[in-house]
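**Q** Quick one: structure below, then a few questions.
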Amino acid sequence: MSRLVSVLVILFLFAPLIATTLISFNATPTFGFPSQGLSLRWYANVFARPEFWVGFRHSLLLATLGTLAAIVISTLTAVAVVRFRFPGRSLMNALVMSPIVIPEVVLGLAILVWIYAVLDMPGAWALYLLHTILVIPYIVRMIIAGLQGYDINLEHAAMLLGASPFRAFLLITLPSLKDHIMAGAIVAFIVSLHNFTATMFLVLNRPTLPTAVYQYIRTETDPTVAALSTLLLLIPLSVVAVGRRWLGLDRMVGR
Amino acid sequence: MPGRGSIRLSGVEVRYGSVVALRDFGLEMASGEIVALLGPSGCGKSTALRAICGLQALSAGEIWFGDRLMNTVPPHHRKVGMVFQNYALFPHRTVAENIAFGLAVSGVPRRQHAARTGEVLALVQMTERGGHYPHQLSGGQQQRVAIARSVAVSPDILLLDEPLSALDKQLREQMRHELTQLLRGIGITTVFVTHDQEEAFALADRVVVMHDGAIVQCGTPAAIYARPNSRFVADFLGSISYLGGVLERAETGTGTVLLDDGTRLRGQLVEAAGIGTRVDVGLRWSSLRPAGAAGDGGGGEGSLAVTVRERVHRGDRVEYRLEGPGGRAIRLLALTATGAAHDVGDRIRVRADANDILLFRPATGPIREGEPA
Amino acid sequence: MTARGKGLAVAPYLFLIPALALTASFLWALWGLVHESLTDPAGGVSFENYRRMLTVPEYRAPIVTSLRLAVITTLVTAALAYPVALHMRRMTPVARLTVQSMLVLVFFSDYLLRMFGLIILLGRRGLLNSLLMWTGLTDSPFRLMHNELGVLVGLVSGALPLMIFALDAALGRIDRSTEQAAALLGGSPLRVFWHVTLPLSVPGLAAGIVLVLLVTVNAMVAPALLGGGFVVMISNFVYDRAIGLDERSLATAAAVIVFAVVVLIILAVHAVLDRFALRFGVTDRGRG
């Protein structure tokens with residue numbers, strides 16, 4: 001019984017991915033099946049349409065900068081929260097984790113209203129800010145877990161061998177947290193790359209990949225997006241590969 | 001002028017909130033001396049070690065290395081080597097890289113690293129293992145690497161936290177011997193922490209027995225064994241049975257007690273006690289000797305009548321579990337080769353020299369602090 | 001990097017400067033949102049936006065629709081996720097890793113593109129209808145999307161991996177011997193599940209419910225693409241009003257209401273969880 005449900009669930013989850021892959025090779029501009037001949041024209045179209053490439057570069061940039069900023073902020077925050085006891089510690093922990101439970105429309109609209117009403121800040125900055133806020137919980141949670149499981153004696157040993165506290169952390173502790181930081185960064189990168197709802201509030205005339213795809217789906221009905229979707233499967237495939245090889249899949253899904 | 005490697009701690013106190021982890025801790029060590037901090041877990045011995053290396057801030061008191069006050073010197077400037085209980089080898093670095101780490105961060109030129117690393121690896125007989133990672137080594141090998149790593153930077157003082165506790169029993173015996181040789185060979189001032197009295201006695205020049213954050217007794221292994229200054233120390237060293245009695249007479253250092261069955265014993269009065277008060281009479285298992293059957297008459301001073309309740313063979317020795325005056329249990333360890341065997345149920349006499357009988361104030365509740373004898 | 005002595009009391013706050021700057025900016029932004037929602041066109045304080053949101057049926061509808069779909073999505077995902085999570089527990093490590101990899105693969109593929117895949121599947125001339133007509137089971141295509149059913153399928157597809165992960169993690173923490181003991185005492189598999197496994201997995205279920213709620217509230221693509229304009233959920237409502245400047249203050253009130261509802265639901269879930277843990281702890285001890 002549970003085996004049957006499991007198979008059906010997996011099939012249900014994979015059906016959209018399988019369907020897009022099948023359709024992407026259609027020769028005709030329809031979503032029909034069985035297809036009338038095979039073709040790679042939609043793949044060619046992905047590269048012919050400038051908005052996908054523009055959106056992809058924008059998304060990569062956002063995800064990269066947001067994730068890098070979040071790694072730095074999260075590492076410092078995790079050190080403070082794990083290594084020190086101070087007033088406001090649990091409040092701080094709750095605050096950096098809170099974006100995960102704030103509805104995206106709330107965050108997106110709040111920043112939109114704030115930026116234009118209060119600061120009159122250029123829009124590009126607002127997106128970087130949003131994406132950094134969005135991904136911090138995923139990284140900070142991972143680094144806190146890493147620091148809590150870390151043997152502090154290693155850092156002490158380094159200090160007693162003559163390393164300053166900063167060097168001991170940099171040369172001994174940080175390399176030990178490498179896997180946790182990597183796992184957090186990968187999840188964060190993908191969350192940022194795929195973010196749609198909050199991002200929609202702050203994209204102006206420069207689309208991200210999801211917003212470009214969304215516009216395309218709304219205006220065109222041909223399998224170009226299916227071809228793009230098939231190409232983009234490389235991303236989760238490489239996540240699974242990296243997760244299985246080095247980081248552990250359990251950790252990737254936040255457990 | 002105190003020399004390099006000498007240590008003086010005075011009035012050291014460590015508090016965590018309202019909990020006092022270490023109180024009025026005072027200790028002076030000469031250069032090259034090996035001292036063991038001995039006590040049960042939670043007695044403050046590890047806190048003392050962390051205070052010496054600077055990982056633990058002091059609430060009060062002073063720590064001097066030679067003629068330098070160390071209170072505000074951070075750990076990385078103290079020139080103290082430490083071997084952690086779990087060795088704390090850097091898992092992502094090879095043995096050689098572990099050792100070279102200290103050299104690198106303390107500014108030793110890179111071209112000298114290989115020579116020095118080889119030197120200390122040879123010292124601990126691990127020359128072949130330079131390229132291995134810590135997880136590829138056995139517990140004993142990891143410990144040697146940890147020691148090599150600590151001494152590579154030529155510290156003034158070496159600290160060891162429970163150096164042998166992570167090893168299994170057989171390896172522990174062997175490493176205890178090797179560690180003794182190694183520490184004597186290096187000649188470095190060493191403080192180590194242990195809860196194992198055998199380890200403390202075997203390795204140390206001097207043993208500091210601690211309880212409840214304070215020093216209870218400090219002296220050479222022989223002195224502490226011969227004359228524990230309190231029931232706490234005697235109990236901790238173990239292998240001792242107690243009888244109850246009343247102090248009849250006290251002279252300097254010795255006293256005479258009247259046991260509950262009317263027997264008189266003379267022994268070392270290790271704690272001051274009033275005439276006519278009750279005292280605990282400590283009898284070391286190994287110092288008691290069978291002295292014939294009980295029916296043989298008085299048997300002289302220092303002899304008492306007991307009943308054999310159990311006989312346990314322990315290889316070269318035989319252990320008798322006896323019932324003494326007042327129904328108290330007494331144990332006696334005798335070499336198997338000497339003396340006649342006694343059977344369960346036999347009434348026999350046992351005796352001990354006055355030097356081996358220790359008179360304590362009765363243990364009423366936990367002993368708070370070490371009072372002078 | 002370690003707490004040493006009293007002189008370092010300021011150190012943690014130094015580490016927190018960047019995080020404080022970041023949280024301060026989004027708290028400030030949230031305050032701006034609340035402020036905007038309470039401001040009338042003349043600049044005075046007014047609850048008019050909230051009054052309109054809660055009394056005008058057209059404005060209230062998206063909130064009601066979102067909550068209804070959130071509840072249904074939660075029930076459906078829980079019903080589907082439990083068998084999968086239970087089955088994953090019984091698998092060999094290799095099989096388990098395979099299933100886990102497949103779930104991670106789905107989870108980390110683009111949500112928007114999965115919704116697009118569902119359009120391909122569920123559309124009038126989509127794969128599913130083509131297949132049904134080809135096999136002759138039906139002559140005319142079914143209406144599988146551009147209604148709430150289509151949106152629901154999208155929401156479930158998006159939320160299901162999260163629920164499975166949450167339940168799998170919770171089930172992994174249950175000591176197998178507890179269930180084995182219950183089974184040895186004569187409990188049928190269903191009774192063991194109902195009386196032992198289910199109660200012990202409640203923390204995971206609670207985590208799953210919160211995650212599904214958030215995914216549903218955040219859903220904008222599923223209703224827009226699979227609802228085809230017939231289903232308006234809260235994110236679509238807020239976005240559509242916010243982009244036109246004239247109704248932005250109404251959108252801010254809607255956003256504040258959504259936030260309040262989400263926070264209330266999360267608090268309620270935790271309250272129930274706490275009470276449940278307490279009660280379960282007591283009954284557990286009572287049974288000895």
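Values quoted throughout were computed directly from the atomic coordinates according to the rules given, and no laboratory measurement underlies them. Since this is a predicted model, take the numbers as computed values, not measurements. Neighbour counts run over all protein chains shown; Cβ positions are idealised from the backbone, glycine included.
**Q** Within a 10 angstrom radius of the beta carbon, how do A:116, B:242 rank from fewest other beta carbons to most?
**A** So the residues, fewest neighbours to most, are A:116, B:242.
**Q** Got a sec to turn the phi values of segment B:344-355 into Karplus ³J(HN,Hα) couplings, 6.51 cos²θ - 1.76 cosθ + 1.60 with θ = phi - 60°, whole Hz, x for Gly and Pro?
**A** 4, x, 5, 8, 10, 10, 10, 9, 8, 5, 4, 5
**Q** Could I ask something else about it? Among A:117, A:38, C:208, which residue has its Cα furthest toward the positive end of the charge dipole of the protein assembly as shown, with +1 on Lys/Arg Cβ and -1 on Asp/Glu Cβ?
**A** Of the listed residues, the answer is A:38.
**Q** Pick out, from B:164, B:153, B:180, the residue whose Cα sits farthest towards the positive end of the charge dipole of segment B:141-199, with +1 on the Cβ of Lys and Arg and -1 on the Cβ of Asp and Glu.
**A** Looking along the dipole axis, the top candidate is B:153.
**Q** Residue farthest toward the positive end of the dipole of chain C, with Cβ of Lys/Arg at +1 and Asp/Glu at -1: which of C:140, C:238, C:276?
**A** The Cα lying farthest towards the positive end belongs to C:276.
**Q** Work out the FRET efficiency for residue B:4 and residue A:40 from their Cβ-Cβ distance, taking R0 = 51 Å, and round it to the nearest 0.05.
**A** The calculated FRET efficiency here is 0.05.
**Q** Ratio to report: Rg/Rh of segment A:50-252, with Cα atoms as the point set and Rh obtained by the Kirkwood method; give two decimals.
**A** 1.04
**Q** Treat chain B as a sphere of radius equal to its Kirkwood radius over Cα pairs and apply Stokes-Einstein at 10 °C in a medium of 1.306 mPa s; give the translational diffusion coefficient in µm²/s, rounded to a whole number.
**A** 69
**Q** Can you put A:47, A:169 in order of Cβ neighbours within 10 angstrom, beginning with the fewest?
**A** Going from least to most buried by this count: A:47, A:169.
**Q** How do B:169, B:79, B:45 rank when sorted from fewest to most other Cβ atoms within 10 Å of their own Cβ?
**A** Ranked by crowding around the Cβ, least crowded first: B:169, B:79, B:45.
**Q** Which order, highest average first, do A:90-98, B:84-92 follow once you tally other Cβ atoms within 10 Å for each residue and take the mean per peptide?
**A** B:84-92, A:90-98
**Q** Sort chain C into rounded, prolate or oblate with this rule: let a ≥ b ≥ c be the square roots of the eigenvalues of the Cα gyration tensor; rounded if a/c is under 1.5, and if a/c is not under 1.5, prolate when a/b is larger than b/c, oblate otherwise.
**A** oblate
**Q** Hey, another quick one. Placing unit charges on C-beta atoms (Lys and Arg positive, Asp and Glu negative, everything else neutral), compute the dipole magnitude of the protein assembly as shown about its Cα centre in debye, rounded to 20.
**A** 960
**Q** Quick check: from the Cα gyration tensor, does segment B:172-284 come out rounded (a/c under 1.5), prolate or oblate?
**A** Since a/c reaches 1.5 and a/b is larger than b/c, the shape of segment B:172-284 is classed as prolate.
**Q** Oh, and also: Over the Cα atoms of the protein assembly as shown, how large are the radius of gyration and the largest Cα-Cα distance (Dmax), in Å?
**A** Gyration radius and largest Cα-Cα distance of the protein assembly as shown: 37.5, 120 Å.
**Q** Helix-derived [θ] at 222 nm for chain C: sum -39500 (n - 2.57) over DSSP H runs of at least 4, divide by residue count, nearest 500?
**A** About -24000 deg cm²/dmol.
**Q** Here is a further query. Roughly how many debye, to the nearest 20, is the charge dipole of segment B:49-206 about its Cα centre, given +1 on each Lys and Arg Cβ, -1 on each Asp and Glu Cβ, and no other charges?
**A** 540
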